[in-house]
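Remarks on the structure that follows.
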């Protein structure tokens, strides 16, 4: 599991989401979803999804926003790097 030390959601918001395998751009981080009872992070909610993100048929929430499982995140820096293999 990815450990993010001392990072606020405001620092994560608007970062580009990039695949570590192909360098594909998925869009930007809009928000995260979590389980209220445990605080477990579940998904990154994608804003401004790219055409490629739509073509990958990512999971969607009840509002139709694309979701990337938090477990797919490999690192966070200037970008949020995700593993495409872990998305599905």
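Okay, here's what the table says:
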{"item": "Segment 75-88, subset at pLDDT 95 or above and part of a strand (DSSP E or B), residue farthest from the chain's Cα centre (by Cα)", "result": "79"}
{"item": "Residue in segment 32-52 that is assigned to a helix (DSSP H, G or I) and either farther than 18 Å from residue 16 by Cα or in contact with a strand residue (DSSP E or B) (Cβ under 9 Å, 6 or more places away or on another chain) (or both) present", "result": "yes"}
{"item": "Of all residues making up segment 63-73, the number that are loosely packed, with under 15 Cβ neighbours inside 10 Å and either in a strand (DSSP E or B) or on the phi > 0 side of the Ramachandran plot (or both)", "result": "1"}
{"item": "Residues of segment 20-43 satisfying the condition of being in contact (Cβ under 8 Å) with a residue 40 or more places away in the chain and within 10 Å of the chain's Cα centre (by Cα)", "result": "26, 29"}
{"item": "Qualifying residues in segment 53-62 (those that are under 13 Å from the mean Cα position of the chain (by Cα) and not in a loop (DSSP other than H, G, I, E, B)) - the one surrounded by the most Cβ atoms within 10 Å (Cβ to Cβ)", "result": "53"}
{"item": "Residue within segment 4-27 that is touching a helix residue (DSSP H, G or I) at 6+ places or on another chain (Cβ under 9 Å) and on the phi > 0 side of the Ramachandran plot present", "result": "yes"}
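The values are calculated or read from the model by the stated rules, or taken from the named source; none is laboratory data. Predicted, not measured: the structure shown is a model, and the values here were computed from it. Here Cβ is always computed from backbone atoms with ideal geometry, including for glycine, and neighbour counts include all displayed protein chains.
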